[in-house]
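*Asks:* Questions regarding the structure given below will be posed in turn.
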Amino acid sequence: MNCRETLTMLSGYMDGELDLVHRMEIERHLQSCPECANNLHEGCAVQKSLQSQLLYHAAPMGLESRVLAAVRAAEGTQSHPSRRFVRPAVGIAAFTGVLALVWFAAARIPAAIHEEATTQQVVSSHVRSLMVNHLLDVGSADPNIVKPWFSAKLDYTPPVEDLRTAGYPLLGGRLDYLNDRPVAVIVYTSQKHVVNLFLWPTAGPETKMTTRECRHGVRLCQWATDNMTFWAVSDLNAHDLTQFAQAVHAHVSPLDQCL
Amino acid sequence: MFTRKRHSAFEKAVLPHLDAAHNLARWLTRNDQDAEDIVQEACVRALKYFAGYHGGDSRAWLLTIVRNTCYTHLRRYRAHELTVPFDDDILNLVSDAFNPETLLMKSVDTAAVHRALEMLPVEFREVIVLREMEGLSYKEIAEVAEIPVGTVMSRLARARRRLQTCLTESHEKGVHREL
């Protein structure tokens, strides 16, 4: 065995990963070659220093609870509705008509309650964001900074657009927690008013843009495309808020402007 | 939905290895904030893949996901780090380092080792971290890094030689300073 072969296999020798034949060949070479023997000693010294606890980056305090929170949030979005309805086909057809009627009536009530709860959360979050110093987690007018920041923290990537030319400079974004899941909030300004744009993925149908007034003079404009729900909230007047929403929609879904 | 039983199985598989996950992510990204974000993202990914995990070494399983998450991150934001040229010839690496009198490495200082390891290209850094810090076998490293066992051995050999070269140079600089 020559020096080149020995050097290539020296690591395997040090780690006890060589078979007996190669181990013996290396030992024979080391006995006759002081240079390779010296390399082995150096290698062992480097190996020992690499195993120092001072080089080990253990998880910092708080990472475990952060991971648990993220995992729990992700669990909430991991339900499989299709599985819940898997039942033997026999008998189902007979009940379909009845079920459809009951469901039609019942679905309206929880949906309304759910929407009211979401409204309260969105409005509270908007007001809170203006009161305390928690408007932005990432402050940047550059969508190329804001967007990757979100994609590292969420299980979806929100569309972040530069709307400066439309009169709505981007301030940045923050994470919020809505309906048991983390959501992206993209923050814009319009004539010195802050607009919080909440958005999260949905599988529901597209819905038209509607603007309404909530409490505290806060207005809300909501719509949904085929895979994303948008709630814009601000103290802009209804006309200006709708214009903002249309600008967002035109940039996010340029092919679908007749919503 | 996750059952409580499956949830506790997931926590048992993942939480004991957060140190190893963070250590690998920190060495691959060389950035504290990125490492924490990656561990969090990797654990959420692990949750998604947990149905496909059927026992076995949960540390190697988690490290594979952490490693892949790191590479996705590096490819997206720091692609230049993945294409660092590296001298392939093992004999060239320590051409003039043979000097048994000056280099016994008995008192290699940790800061110098830290710097030398950070300077290694990422695919060499990862085999060193998995072998020296986590004590994984070549077979386990091959699975985590998705390379053949023979490549694990040659990468480790070259990585160690490169570290020796760097440390020799920094050691010599230190000697010159003292003089």
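*Asks:* Using the 10 angstrom Cβ neighbour count as an exposure proxy, how do A:146, A:194 rank, fewest first?
*Replies:* Lowest to highest Cβ neighbour count: A:194, A:146.
*Asks:* Under the definition of partner shielding as Cβ atoms of other protein chains within 10 Å of a residue Cβ, what is the mean value for peptide B:137-143?
*Replies:* Taking all residues of B:137-143 together, the mean is 1.
*Asks:* What is the distance, in nm, between label points placed 7 Å from the Cα along the Cα-to-Cβ direction at residue A:44 and at residue A:157?
*Replies:* 5.1
*Asks:* How high is the FRET efficiency between residue A:128 and residue A:61 when r is their beta carbon distance and R₀ equals 25 Å, given to the nearest 0.05?
*Replies:* Efficiency at R0 = 25 Å is approximately 0.40.
*Asks:* Right, here's the next one. For residue A:153, what residues show an amide H to amide H distance below 5 Å, using hydrogens built from the backbone and excluding near sequence neighbours?
*Replies:* The answer is none.
*Asks:* With 31 Å as the limit, write out which pairs from A:153/A:192; A:208/B:48; A:147/B:5; A:48/A:153; B:48/B:139; A:153/B:5 have Cα-Cα distances beyond it, or answer none.
*Replies:* Checking Cα-Cα distances, A:208/B:48; A:147/B:5; A:48/A:153 exceed 31 Å.
*Asks:* Ok, one more. Tell me, what is the FRET efficiency for residue A:226 and residue A:19 to the nearest 0.05, using R0 = 60 angstrom and their Cβ-Cβ distance as r?
*Replies:* 0.50
*Asks:* In nm, give the distance between the simple-model label positions of residue B:49 and residue A:117, each being 7 Å from the Cα along the Cα-to-Cβ direction.
*Replies:* 3.4
*Asks:* Summing +1 for each Lys or Arg and -1 for each Asp or Glu, what net charge is found among the other residues whose Cβ lies under 14 Å from the Cβ of residue A:129?
*Replies:* -1
*Asks:* What percent of all Cα-Cα pairs in region A:1-59 falls into each 5 Å bin, going from 0 up to the bin containing the maximum distance?
*Replies:* 4, 18, 27, 20, 13, 8, 6, 3, 1, 0
*Asks:* Across the residues of B:13-21, average count of Cβ atoms on other protein chains within 10 Å?
*Replies:* For this peptide, the per-residue mean of nearby foreign Cβ atoms is 3.
*Asks:* For a quick check: with amide H placed at 1.01 Å from N, whose amide H comes under 5 Å from residue A:170's, ignoring anything fewer than 5 positions away on the same chain?
*Replies:* For residue A:170, the qualifying residues are A:163, A:164.
*Asks:* Across region A:165-210, what fraction of all alpha-carbon pairs, as a whole percent, falls in each successive 10 Å bin from zero upward?
*Replies:* Calculated P(r), rounded to whole percents: 23, 42, 32, 3.
Every number here is computed from the coordinates shown, using simple stated rules; none is lab data. Remember, it's a predicted structure, so these values are computed and weren't measured experimentally. Cβ sites come from the backbone with ideal geometry, for glycine too, and all protein chains shown count toward neighbours.
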